[in-house]
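Working notes for the structure below.
The values are calculated or read from the model by the stated rules, or taken from the named source; none is laboratory data. None of the values given here were measured: they were computed from a predicted structure. Neighbour counts are summed over all protein chains in view; Cβ atoms, including those assigned to glycine, are modelled from backbone coordinates with ideal geometry.
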Amino acid sequence: MIKKITVLTAISFLIINLYGQDKYVGDFSDNQFFLGGNTKIPIGNHIGYDEDEGLEIAIKYGKNASIKSVAVLSGNDTVCFEQLNFPNKKTDWIEIKKGLWNNSVDNEEELIKSFSESDEIKMHYAGFLKNENPFDNSFIRNKPLIGKLKWFIKGFAIGAINVKPNTLRIIKISPELAYGSKGGGNIPPNSTIYYVIYNLENPIFL
């Protein structure tokens, strides 16, 4: 159930100052970049706007683009609010299958281990390596990731479908279910990777 609270109450750590519905408000590092790219990483507090969904997504960043908290707002309604302090070595992981985990806060949640390749999912995400280096972030683009599950690495696809709509989770993926010994793009070989995922639409739960 969506709790009716004001924006200021939901994200008191943020200064809300939108300059238009397609703007992303916040600061970026002067000298730190996403792994293998020339895009500067976000620092401090940010507010993005998802025009398709009519959502404000407010994130508090820490060192190296680590995500401390996320608030998703629809008007004056808080759709989701999570304090993550991620990356964090003290995260309690729930094993979905061998080589794949999430930080489920409810041990009774049903774990989904397979999917239909034709299913399509829509989500925002931020990706990190084990050493906390960020390699991608859709939140700062104001554009969610939309695609069929067959397009993604297996660990990401299965991990993502275990995130219910309007819910935020951290996914941990071993190299075997990620990019393996060869690596891929800006992901080094034999990398364990992490994603913070906010799910907008998930066919498993619709």
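Observations
To keep it simple, each residue is scored yes or no on (1) modelled with pLDDT under 90; (2) out of contact with any strand residue (DSSP E or B) (no Cβ under 7 Å at 6 or more places or on another chain).
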{"site": "17", "(1), (2)": "yes, no"}
{"site": "20", "(1), (2)": "yes, yes"}
{"site": "29", "(1), (2)": "no, no"}
{"site": "48", "(1), (2)": "yes, no"}
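- Out of 97, 182, 150, 130, one residue alone is among the basic types (Lys, Arg) and without any contact (Cβ under 8 Å) to a residue 24 or more places away in the chain. It is 182.
- Residue within the stretch 127-141 that is in a helix (DSSP H, G or I), over 15 Å from the mean Cα position of the chain (by Cα) and surrounded by fewer than 22 Cβ atoms within 10 Å (Cβ to Cβ) present: no
- Residue among 156, 81 that alone is assigned to a helix (DSSP H, G or I) and aromatic (Phe, Trp, Tyr): 156
- Members of the stretch 171-199 found to be surrounded by fewer than 17 Cβ atoms within 10 Å (Cβ to Cβ) and in contact with a Gly (Cβ under 8 Å, 6 or more places away or on another chain), listed by number: 174, 176, 185, 186, 189, 190
- Selected residue [assigned to a loop (DSSP other than H, G, I, E, B) and basic (Lys, Arg)] from 172, 164: 164
- Whichever residue in the stretch 31-45 is under 15 Å from residue 61 (Cα atoms) and not basic (Lys, Arg) and, among such residues, is surrounded by the most Cβ atoms within 10 Å (Cβ to Cβ): 42
- With respect to the conditions (1) at pLDDT below 90; (2) over 15 Å from the mean Cα position of the chain (by Cα); (3) of a type outside the set (Phe, Trp, Tyr), residue 182 falls short on a single one, namely (1).
- Looking only at the stretch 46-65, and only at residues there that are of a type in the set (Gly, Ala, Ser) and under 26 Å from residue 122 (Cβ atoms), the one that is surrounded by the fewest Cβ atoms within 10 Å (Cβ to Cβ): 54
- Count of residues meeting criterion [outside any loop (DSSP other than H, G, I, E, B) and under 11 Å from residue 127 (Cβ atoms)] in the stretch 177-192: 1
- Unique residue being among the acidic types (Asp, Glu), touching a helix residue (DSSP H, G or I) at 6+ places or on another chain (Cβ under 9 Å) and closer than 24 Å to residue 79 by Cβ when the list is 132, 120: 120
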